[in-house]
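Participant: Before anything else, here's the structure in question.
The values are calculated or read from the model by the stated rules, or taken from the named source; none is laboratory data. Quick caveat, the model's predicted, so the values are computed rather than measured. Here the Cβ is made from the backbone with ideal geometry for all residues, glycine too, and neighbour counts use every protein chain on show. All accessible areas refer to the heavy atoms of the entire protein, side chains included, with ligands and DNA or RNA removed. Shrake-Rupley method; radii C 1.70, N 1.55, O 1.52, S 1.80 Å.
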Amino acid sequence: MIEFKSATKVYHSGGKEVRALDGIDLRVEQGEICGVIGFSGAGKSTLIRTVNRLERLSSGKVIVDGQDLMALSPKDVREVKRKIGMVFQHFNLLNSKTVFANVAMPLILAKQSKAEIQKRVTELLSFVGLEDKANQYPDQLSGGQKQRVGIARALATQPSILLCDEATSALDPQTTGSILKLLKKINREYNITILMITHEMSVIREVCDRVAVIEGGKIIESGSVFDVFSSP
Ligand code: ADP
Ligand code: ADP
């Protein structure tokens, strides 16, 4: 479960204040797919980045599985971050490493044994349908395949939460459809909570249970996808 309480983030740039998040209240229940939609500059990236502490809030709270992220010690923050996987728009793969090594990275950082890593990475690559690509390099893959590697990496440490930052925005419509199907399968099979940000309504309609609309750092509307998008 993820909960934002009066979450506020103010950037100071060039002597000016930018309220990227302006008192966000939002609850994402365990096991649901929640989408946050808004135009460029609305605050989407900032919102998602506060959940794994890539950004700190200026005030307010982000609570993950009952723990207030802003109040935790660095050690406890590392624990919580292990429960959170992140999928990026531009995949963020290491191009000098093989597919296997990219997926193995979080497991190496978590100091798992070679045998465990071998087993887990093989499992993950099979889950995302890339068992035959283990020894290839990202440059040899299509965009959709790269995102599958990104998703496998995000799942490596068995997170309970998956954060998707415009995960399909760099993909063509057909590939987008197959990646969204994969995300839905992850949600259903592993009961992983998914928070996704996007500027595309079609993405929300396709997979989300609930949606929040963000504008100028504020949630201006939220509810079931049906209620929010079918109002006259
Ligand atoms: P979105 O993801 O919806 O495009 P962002 O969260 O990236 O929105 O940005 C929200 C607002 O915060 C924008 O006005 C943006 O210019 C500003 N902003 C984002 N990051 C920074 C930063 N590091 N320094 C200053 N302003 C920033
Ligand atoms: P983007 O601008 O594409 O959204 P970010 O600025 O969010 O990328 O991330 C910056 C860098 O931090 C990325 O290159 C990524 O490799 C790394 N990074 C941050 N958090 C994570 C994470 N949870 N898993 C993997 N890589 C991460």
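Participant: Can you name every residue in segment 30-40 that is of a type outside the set (Asp, Glu) and away from ligand 2 (no atom under 15 Å from the Cβ)? Don't jump to the end; show me each part of the working.
Facilitator: The first filter runs over segment 30-40 and keeps only residues of a type outside the set (Asp, Glu), leaving 30-31, 33-40.
Residues satisfying the conditions are Gln30, Gly31, Ile33, Cys34, Gly35, Ile37, Gly38, Phe39.
Participant: Checking Ala20 against (1) within 15 Å of ligand 1 (Cβ to nearest atom); (2) under 17 Å from Leu162 (Cα atoms); (3) modelled with pLDDT of 95 or more, which test does it fail?
Facilitator: Only one criterion is unmet by Ala20, namely (2).
Participant: Is it the case that segment 17-25 has a residue that's open to solvent by less than 50 Å² (accessible area, probe 1.4 Å), within 15 Å of ligand 2 (Cβ to nearest atom) and under 23 Å from Ile204 (Cβ atoms)? Steps first, please.
Facilitator: Within segment 17-25, the subset open to solvent by less than 50 Å² (accessible area, probe 1.4 Å) is 20-24.
This time we only want the ones that are within 15 Å of ligand 2 (Cβ to nearest atom), so: 20.
Restricting the remaining residues to those that are under 23 Å from Ile204 (Cβ atoms) gives 20.
Yes, that holds for at least one residue.
Participant: Can I ask one more? From (1) in contact with a Lys or Arg (Cβ under 8 Å, 6 or more places away or on another chain); (2) without any contact (Cβ under 8 Å) to a residue 40 or more places away in the chain, pick out the condition that doesn't hold for Ser202.
Facilitator: Against the list (1) in contact with a Lys or Arg (Cβ under 8 Å, 6 or more places away or on another chain); (2) without any contact (Cβ under 8 Å) to a residue 40 or more places away in the chain, Ser202 comes up short only on (1).
Participant: Same structure, new question: Could you please give the count of residues in segment 144-174 that are open to solvent by less than 30 Å² (accessible area, probe 1.4 Å) and without any contact (Cβ under 8 Å) to a residue 40 or more places away in the chain?
Facilitator: Residues flagged as open to solvent by less than 30 Å² (accessible area, probe 1.4 Å) and without any contact (Cβ under 8 Å) to a residue 40 or more places away in the chain within segment 144-174 amount to 3.
Participant: If I filter segment 28-40 down to residues being open to solvent by 40 Å² or more (accessible area, probe 1.4 Å) and under 22 Å from Glu189 (Cα atoms), which single residue comes out as farthest from ligand 1 (Cβ to nearest atom)?
Facilitator: If we take residues in segment 28-40 being open to solvent by 40 Å² or more (accessible area, probe 1.4 Å) and under 22 Å from Glu189 (Cα atoms), then Gln30 is farthest from ligand 1 (Cβ to nearest atom).
Participant: Let me ask something additional. Please state which one of Glu55, Glu79 is within 12 Å of ligand 2 (Cβ to nearest atom), surrounded by fewer than 21 Cβ atoms within 10 Å (Cβ to Cβ) and on the phi < 0 side of the Ramachandran plot. Talk me through it step by step, then tell me what you get.
Facilitator: Working: Glu79 fails: within 12 Å of ligand 2 (Cβ to nearest atom).
None of the others qualify; the one that does is Glu55.
Participant: Going through segment 82-115 one residue at a time, which ones are among the small types (Gly, Ala, Ser), more than 8 Å from ligand 2 (Cβ to nearest atom) and at pLDDT 95 or above? Working first, answer last.
Facilitator: Going through segment 82-115, the residues among the small types (Gly, Ala, Ser) turn out to be 85, 96, 101, 104, 110, 113, 115.
This time we only want the ones that are more than 8 Å from ligand 2 (Cβ to nearest atom), so: 96, 101, 104, 110, 113, 115.
Of everything in segment 82-115, those that are among the small types (Gly, Ala, Ser), more than 8 Å from ligand 2 (Cβ to nearest atom) and at pLDDT 95 or above turn out to be Ser96, Ala101, Ala104, Ser113, Ala115.
Participant: I would also like to ask the following. Name the residues in segment 58-110 that are away from ligand 1 (no atom under 16 Å from the Cβ) and small (Gly, Ala, Ser), would you?
Facilitator: The answer is Gly66, Ala71, Ser73, Gly85, Ser96, Ala101, Ala104, Ala110.
Participant: So in segment 41-52, with the set limited to residues that are within 12 Å of ligand 2 (Cβ to nearest atom) and open to solvent by 10 Å² or more (accessible area, probe 1.4 Å), which one is farthest from Glu166 (Cα to Cα)?
Facilitator: Checking each candidate, the answer is Asn52.
Participant: Within segment 186-221, take every residue that is open to solvent by less than 70 Å² (accessible area, probe 1.4 Å) and polar (S, T, N, Q) and give me the one that is nearest to ligand 1 (Cβ to nearest atom).
Facilitator: Initially, segment 186-221 is screened for residues open to solvent by less than 70 Å² (accessible area, probe 1.4 Å), giving 186-187, 192-198, 200, 203-204, 207-214, 216-217, 219.
Subsequent filtering for residues that are polar (S, T, N, Q) retains 187, 193, 198.
Numbers: Asn187: 22, Thr193: 20, Thr198: 10 Å.
Only one residue tops the list, namely Thr198.
Participant: Determine, yes or no, whether Ser6 is farther than 29 Å from Ser126 by Cα, free of Cβ contacts under 8 Å to residues at least 60 places away in the same chain and of a type in the set (Gly, Ala, Ser). Talk me through it step by step, then tell me what you get.
Facilitator: Details: farther than 29 Å from Ser126 by Cα: yes; free of Cβ contacts under 8 Å to residues at least 60 places away in the same chain: yes; of a type in the set (Gly, Ala, Ser): yes.
Considered against the rule, which asks whether it is farther than 29 Å from Ser126 by Cα, free of Cβ contacts under 8 Å to residues at least 60 places away in the same chain and of a type in the set (Gly, Ala, Ser), Ser6 comes out as yes.
Participant: Could you say which residue among Phe91, Phe4 is more than 26 Å from Glu189 (Cβ to Cβ) and hydrophobic (A, V, I, L, M, F, W, C)?
Facilitator: Working: Phe91 fails: more than 26 Å from Glu189 (Cβ to Cβ).
Result: Phe4 is the single residue among Phe91, Phe4 that is more than 26 Å from Glu189 (Cβ to Cβ) and hydrophobic (A, V, I, L, M, F, W, C).
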